[in-house]
Structure formats: C-alpha cells, structure tokens
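Heads up, the thing below is written out as structure tokens.
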Amino acid sequence: MPNLEHPAYPAATLLHLESLVPCRESQVSMLLSIFGERQQFTFPSIFIYGHTSSGKTYVMQTLLNTLELPHVFVNCVEYFTSRLLLEEILIQLQSCCSETEQTSHVPCDTFNDFVRLFKQAVLSRELQDQTLYIVLDRAEQLREMEANILPAFLRLQELTDRNVTVVLLSEIVWELFRPNIGCFEPFTLYFPDYSIGHLQKILSQNHPPEYSADFYAAYINILLGVFYMVCRDLKELQHLAALNFSKYCEPVVRGEANERDTRKLWKNIEPHLKKAMQTVYLREISSSQWERLQCDNGEPGQLKGLSAHTHVELPYYSKFLLIAAYLASYNPVRTDKRFFLKHHGKIRKTNFMKKHEKTSNHLLGPKPFPLDRLLAILYSIVDNRVAPTANIFSQITSLVTLQLLSMVGHNDQLDGPRYKCTVSLDFIRAIARTVNFDIIKYLYDFL
C-alpha cells in the first residue's frame with residue numbers, strides 16, 4: 001500500500017515519487033498536505049532545516065519536478081548578493097512563463113523593484129491558476145545580505161498579492177535566523193539524519209546489474225559497519241561505496257570465492273577499507289589515483305608525501321610565516337646571519353659550531369623569539385617583496401588562534417610580543433613542500 005496519497009495528483013505519479021525519495025515519505029507527505037491543490041493558497045513561507053546530506057535539496061527538487069509544479073530554484077551561495085539573487089529569480093521566472101520565448105536581463109536594484117517586476121512576470125494565466133514556489137537553497141546566506149531581504153521574502157505573498165510560496169532550505173535552526181526586530185514566522189519542517197537502516201536501504205538501491213541485490217547489500221552492510229561511526233554523510237558514503245566495490249568483487253572475479261563467501265570477501269576488503277578510513281572527507285588524491293594505489297598496494301600518503309594529519313590549508317603568506325616561525329624557534333640567533341644574509345662572508349664550520357654543543361635543538365624544544373626576528377626571516381625567505389601591512393600581522397594572530405604558534409609572556413611587555421612555534425618537523429616539512437621550500441637546508445640541526 002502506498003504511503004503517499006493526495007486527491008489532487010494521480011496515484012501512479014505519487015507511487016513514482018515515493019520510489020524516488022526513499023526513507024523520506026513522512027516529510028514528503030507533510031509537504032503534500034501543506035501544498036494542497038495547485039490553485040489553492042498555501043503557507044506564505046516554509047523553513048526546512050536539517051544537517052548536511054539529509055535530503056532537503058533532493059527531496060524538494062524531486063517533488064516539484066515530478067508533480068510539475070511551477071518553481072524557481074536558486075542557490076544563495078552562487079548568487080551571494082541581493083541584486084544577483086533577485087535578478088536570477090526574475091530570469092528563471094521568465095522561463096516558467098510559456099508566453100516568453102527568451103529570457104532577458106532585467107536590472108533589479110531594490111526589493112521594491114523586485115515586487116513590481118514580479119507582479120508583471122506572473123501575469124500569465126498559467127502562473128495565476130496555480131501556486132508558484134520560490135526555493136532558496138543554503139538560505140543561511142540571506143543573513144549576510146541587507147536586513148530587509150529575509151523579512152521581505154517571508155512576506156512575499158502579502159507584498160505581491162499573488163499565489164506564491166517561498167521555501168527556505170538551511171542547515172541551521174530557525175532561532176538563528178530570526179531577526180532581532182521580529183518577522184513573519186514561517187512553517188518549519190525538520191529533516192532528521194538518515195539512520196543506519198535508511199542508509200542501508202538507499203545505498204543498496206544502486207547495485208550494479210551484473211551482481212545480485214543480496215551480494216551488493218552484504219557489501220553495503222560491511223561498508224556501513226566500518227564507516228558509520230565516523231561518517232554519516234550519504235554523499236560521502238556513496239563515493240566510498242563506488243570506490244571500493246571493485247576491490248570487494250576481486251575474489252569473485254578471479255573465481256576464488258562465490259557471492260556467499262562472506263568471510264573471504266571480508267578478508268580481501270578489510271585492509272583497503274582501513275586505508276580508506278584515513279581519507280574520509282578528504283580529496284588529497286583523485287579516484288583514479290586511489291585505484292592505482294589500490295592495485296600497487298600503496299599508501300594514500302605516498303603520492304605527495306602528505307597525509308591527513310600533516311596537511312592543513314593555509315593562505316600563501318601564512319605558510320611562509322609558519323616556516324619562518326619554525327626556523328626562529330629551532331635555530332640559534334647567531335645562525336641567522338649564515339642562513340639568511342646573502343653576503344655574510346666565509347664562515348668556517350669548525351669555528352661556527354661550538355665543539356661542546358652536541359645537543360639537538362629539536363630535542364630541547366622550541367625557543368621563544370621576538371616579532372622583529374620573525375619578520376626579518378620572513379622577508380629573506382619570500383622571493384617577492386612583502387610589505388609589513390596589517391594583513392601580515394592579522395595572519396600571525398590567526399596562526400596563534402589555530403594554536404600553530406603560541407604567545408609567550410604578557411601583552412603588556414615593553415619589548416614587544418614573543419612567540420613559539422608549536423608544530424612538529426613532519427608538519428612543517430609538509431607545509432614547506434606545498435610552497436616548494438626546502439626547509440632542511442635552513443635548519444641548524446641538519447648542517
């Protein structure tokens with residue numbers, strides 16, 4: 001018996017819709033009851049929220065397209081200003097109208113202009129006889145726009161006196177949206193995370209035709225048993241399932257096992273799933289490179305010498321700042337002239353290194369250094385000329401916030417702040433490799 005029932009739509013259409021949105025029947029049923037029939041007025045605004053990859057965008061797109069409801073779908077990240085957003089809605093609205101053969105760009109600077117142009121765009125009989133849905137995906141970006149944009153969208157039905165519903169899709173709750181001055185309250189609908197049973201059902205639907213459904217379902221069960229505790233993102237799990245299935249099938253392809261030999265199949269796939277655990281959510285290497293490493297029994301980090309634990313995304317000059325801080329922490333002050341001064345003259349190594357100094361600076365730990373020494377080293381290792389602007393100083397503060405640097409002493413010191421570099425040698429070598437800087441040549445311990 002079908003779960004979706006509505007008198008305004010054919011039973012075959014609802015049955016097809018139910019097959020397209022598995023494990024979201026209750027949410028779709030709620031939306032159908034809210035939408036009502038095509039010509040009926042519905043809620044002026046609907047707020048749908050839930051975590052990433054909980055099916056919000058997919059369910060709304062599938063629902064509107066399957067039922068052939070007139071709609072406009074806009075991603076607020078792509079159209080990040082109010083003018084771009086309003087103009088994109090009007091352009092898509094023109095394409096919904098059958099009387100308009102081609103869309104034309106209409107400048108829209110304010111929301112008053114948008115209301116006027118919106119009324120003109122929905123004069124066609126097709127849009128007057130049924131509800132128009134405006135779906136704003138990633139709607140949390142509306143908080144970064146003008147203060148009147150969000151309250152105006154919530155009351156668009158009242159402002160235009162047209163049969164229109166605005167649907168907001170977001171990953172955060174409504175309480176973080178509500179303006180301090182108050183606004184019209186939308187109807188809120190929550191999309192919960194997929195349970196392990198839901199993920200099993202959804203992922204098992206994508207089984208290859210050359211293998212049985214039970215064989216692929218057993219593979220998905222093994223995959224979820226490994227990854228469910230660390231990853232519940234449906235898109236990431238779909239990527240992992242497609243990436244590792246060929247390795248799971250190898251004993252069957254070679255004739256060493258049949259589809260029911262679960263123990264042999266698990267022993268074959270277990271080491272590869274453990275390797276894949278190190279790169280969940282990461283894209284250090286492409287899928288084709290991962291497959292080549294699987295064939296060569298290599299490690300993911302062997303491709304570039306980086307791993308998930310020794311690589312972090314930083315701005316270009318922040319990387320050089322961190323390198324300069326590491327050199328200042330682990331090199332004695334007297335060695336700066338040797339490493340960073342071009343015309344320092346000839347310095348004999350026997351005189352340069354003290355005979356009694358045998359302890360490695362890396363064993364003693366990082367030493368504090370003043371800000372002017374950090375900047376002096378930075379200017380000498382960066383090829384381009386770097387001006388001491390506020391941007392550079394703000395990046396130093398960001399490195400302290402990220403706990404890659406630590407401030408030593410108090411802020412009220414007269415001789416300026418002093419810092420320590422807190423990262424490891426492997427970490428700084430990985431960072432230096434991304435900017436083609438050989439840090440070993442500049443470390444005193446490796447002379």
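Summary table below
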| item | result |
| --- | --- |
| Filter result (among the polar types (S, T, N, Q) and either surrounded by fewer than 20 Cβ atoms within 10 Å (Cβ to Cβ) or not assigned by the TED database to the domain that holds Gly36 (or both)) within region 137-162 | Gln141, Asn148, Thr160 |
| Matching residues, region 65-93, being open to solvent by less than 40 Å² (accessible area, probe 1.4 Å) and more than 26 Å from the chain's Cα centre (by Cα) | Thr66, Leu67, Leu69, Pro70, Glu87, Leu90, Leu93 |
| Any chance His71 is in contact (Cβ under 8 Å) with a residue 24 or more places away in the chain, within 28 Å of Leu203 (Cβ to Cβ) and either among the hydrophobic types (A, V, I, L, M, F, W, C) or not assigned by the TED database to the domain that holds Leu234 (or both) | no |
| Condition met for Tyr49 (at pLDDT 90 or above and buried (at least 17 other Cβ atoms within 10 Å of the Cβ)) | yes |
| Unmet requirement for Lys267, which otherwise passes all of (1) assigned to a helix (DSSP H, G or I); (2) open to solvent by 40 Å² or more (accessible area, probe 1.4 Å); (3) touching a residue at least 12 places away in the same chain (Cβ under 8 Å) | (3) |
| The listed residue being loosely packed, with under 13 Cβ neighbours inside 10 Å and either on the phi < 0 side of the Ramachandran plot or modelled with pLDDT of 85 or more (or both), out of His344, His311 | His344 |
| Meets criteria (surrounded by 13 or more Cβ atoms within 10 Å (Cβ to Cβ) and acidic (Asp, Glu)) for Glu210 | no |
| Condition check for Ala12: surrounded by fewer than 14 Cβ atoms within 10 Å (Cβ to Cβ), aliphatic (A, V, I, L, M) and either part of a helix (DSSP H, G or I) or at positive phi (or both) | yes |
| From Leu203, Leu169, Leu189, residue being touching a Lys or Arg at 6+ places or on another chain (Cβ under 7 Å), surrounded by 13 or more Cβ atoms within 10 Å (Cβ to Cβ) and under 28 Å from Ser29 (Cα atoms) | Leu169 |
| Residue that is surrounded by the most Cβ atoms within 10 Å (Cβ to Cβ), among those in region 233-257 that are over 22 Å from Ser195 (Cβ atoms) and among the hydrophobic types (A, V, I, L, M, F, W, C) | Cys249 |
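A quick yes/no check of all residues on (1) aliphatic (A, V, I, L, M); (2) in the same structural domain as Asn148 (by the TED database); (3) under 29 Å from Cys76 (Cα atoms); (4) touching a Pro at 6+ places or on another chain (Cβ under 7 Å):
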position	(1), (2), (3), (4)
Cys183	no, yes, yes, yes
Gln200	no, no, no, no
Asp214	no, no, no, no
Met229	yes, no, no, no
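The values are calculated or read from the model by the stated rules, or taken from the named source; none is laboratory data. None of these values were measured; they are calculated from a predicted model. Positions of Cβ are backbone-derived with ideal geometry, glycine not excepted, and every protein chain shown enters the neighbour counts. SASA here: full protein model, heavy atoms, side chains in, ligands and nucleic acids out. Shrake-Rupley method; radii C 1.70, N 1.55, O 1.52, S 1.80 Å.
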